[in-house]
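Right, one structure below, let's go through it.
The values are calculated or read from the model by the stated rules, or taken from the named source; none is laboratory data. Because the structure is a prediction, the values reported are computed rather than measured. Please note: Cβ atoms are built from the backbone with ideal geometry, for glycine as well, and neighbour counts cover all protein chains shown. For accessibility, only protein heavy atoms count, side chains too; no ligands or nucleic acids. Shrake-Rupley method; radii C 1.70, N 1.55, O 1.52, S 1.80 Å.
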Amino acid sequence: MEPHMPELLAAGLILLIMFVIGFIGLRSRIPDVILFIIVGIAVGGLLADSEILHFTGEIGIVLLFFMLGMEFPIKQLGSIAKKVTPAGLLDLSLNFLLSALLCLMFGLDVLTAFVIGGILYATSSSITMKMMENTKRTANPESEFLLGVLIFEDLAAPIMVAILVGLNAGEGFSSGDFLWLLAKVIFLIIVAIWLGRYVFAKAAKFIDRNAGSDIFHLLIIGIAFTYSGVAIYLELSEVLGAFLAGIMLAEAKKSETIEPLVLPVRELTLPLFFLWFGTQIELDSGVSAPILLAVLVIWSVAGKMLVGMIGGRMYGLSGRVSFRAGLSFTQRGEFSIIIASVATAEVMAFGSVYILLSASLGILLFLMAPAITTKLYGKKKKVDKVKVPGS
């Protein structure tokens, strides 16, 4: 009889190890996100197939985007969407279509080129938002722009994944399939808007009366999980469902009451997502095309910087803020892993190395963005206050 480690013991050891990693990151000023990913790679052979780790990490990422959605009532989000669409289309053109074209120029077949283009397309929403919170940059003028582009990507990426899965399976992907997928996204958004305006907008008194209850957090987290689950049932992203659930509750205008109920659960489970993320990165097979990899890493940084610099100006940001935004979302992550998983073993190994390099480089650029921007543009001039005579 083989010895079996109890699940509770394994869970306890994982949490203790995560604390040690986070403590090292705190002391060394190395972002804990990248440390969690690296440890995930190291223990990938032991935990790569852990359904419990995957599910727990998924809870963390769902609650991250749920709380993010609560910061954006429907009216405010609508104004952001109008402003960010040009930048979103620029992002899609540069980081998906041109990346795929670059792969074709290196002699790859059309399907492989589009899979790698998909891997290069989406910025890691989870890493970006976690880094914004860690560095207290959520109040910066570029944060709303970055969030808008991330939302655009989170709407486009599930459609992209479905198309690539269909093509990779040899089933094809007809225009009817595309329209059906688009219809499901629109349906999910419309239902969220309706519930927000006509149900949750009237729930402020109910929340005030019951928020102090020991069971109220079950209702709030249950709403987040349910709408995320509906999104998965419709073969869409749980991230999209979680964000829309947050938007619904934002209409109650009680975010300051709800957030403390969700935060402890999120902080417990979110680090496990990054650990799981690391376990999915395969490095054993090596890299088959190192020159192409180097070119794509350079291009992926340049592509996102162009989106920040050009798209940011389209959005109405200054040159300084647009440049800082361009440096702040070069990291790829969860959607890249999902897209890589539909490819052959060779392409998945290639994508895994790219994702690791991009995540590490992206986090570094995010941290250095304010200093690089200051060095290039100089210190922001302060406007002197005019002294009123006799004051």
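Observations on the structure shown:
Results for (1) modelled with pLDDT under 85; (2) part of a helix (DSSP H, G or I); (3) open to solvent by 20 Å² or more (accessible area, probe 1.4 Å), shown as yes or no for each residue.
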| site | (1), (2), (3) |
| --- | --- |
| I127 | yes, yes, no |
| K136 | yes, no, yes |
| L150 | no, yes, no |
| D154 | yes, yes, no |
| G166 | yes, yes, no |
| G172 | yes, no, yes |
| I189 | no, yes, yes |
| W194 | no, yes, yes |
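- Selection count where residues are among the acidic types (D, E) and within 14 Å of M70 (Cα to Cα), scope the range 213-244: 0
- Per the listing M105, M67, the residue uniquely open to solvent by less than 30 Å² (accessible area, probe 1.4 Å) and not small (G, A, S) is M67.
- Inside the range 23-49, residues that are surrounded by 19 or more Cβ atoms within 10 Å (Cβ to Cβ) and not in a helix (DSSP H, G or I) make up a count of 1.
- The range 365-381 - residue that is without any contact (Cβ under 8 Å) to a residue 12 or more places away in the chain and open to solvent by 90 Å² or more (accessible area, probe 1.4 Å) and, of those, nearest to R332 (Cα to Cα): K375
- Qualifying residue in the range 237-254 (condition: touching a residue at least 40 places away in the same chain (Cβ under 8 Å), closer than 30 Å to F350 by Cβ and part of a loop (DSSP other than H, G, I, E, B)): yes
- Taking the range 216-254 as the range and being of a type in the set (S, T, N, Q) and crowded, with 24+ Cβ neighbours inside 10 Å as the test, the residues that pass are S228, S237.
- Within the range 264-280, restricting attention to residues that are open to solvent by 10 Å² or more (accessible area, probe 1.4 Å) and either of a type in the set (A, V, I, L, M) or free of Cβ contacts under 8 Å to residues at least 60 places away in the same chain (or both), the residue that is farthest from S352 (Cα to Cα) is P264.
- L261 being surrounded by fewer than 23 Cβ atoms within 10 Å (Cβ to Cβ) and of a type in the set (A, V, I, L, M): yes
- Test: residue in the range 337-356 that is modelled with pLDDT under 90, under 17 Å from the mean Cα position of the chain (by Cα) and in a loop (DSSP other than H, G, I, E, B): no
- L97 being farther than 21 Å from I127 by Cα and assigned to a helix (DSSP H, G or I): yes
- Checked against (1) part of a helix (DSSP H, G or I); (2) open to solvent by 50 Å² or more (accessible area, probe 1.4 Å), F323 passes all but condition (2).
- Test set (1) open to solvent by 20 Å² or more (accessible area, probe 1.4 Å); (2) of a type outside the set (V, I, T); (3) closer than 18 Å to S126 by Cβ - L13 fails condition number: (3)
- Candidates in the range 126-144 are the residues that are among the polar types (S, T, N, Q) and more than 9 Å from the chain's Cα centre (by Cα); of these, the one that is farthest from G308 (Cα to Cα) is N134.
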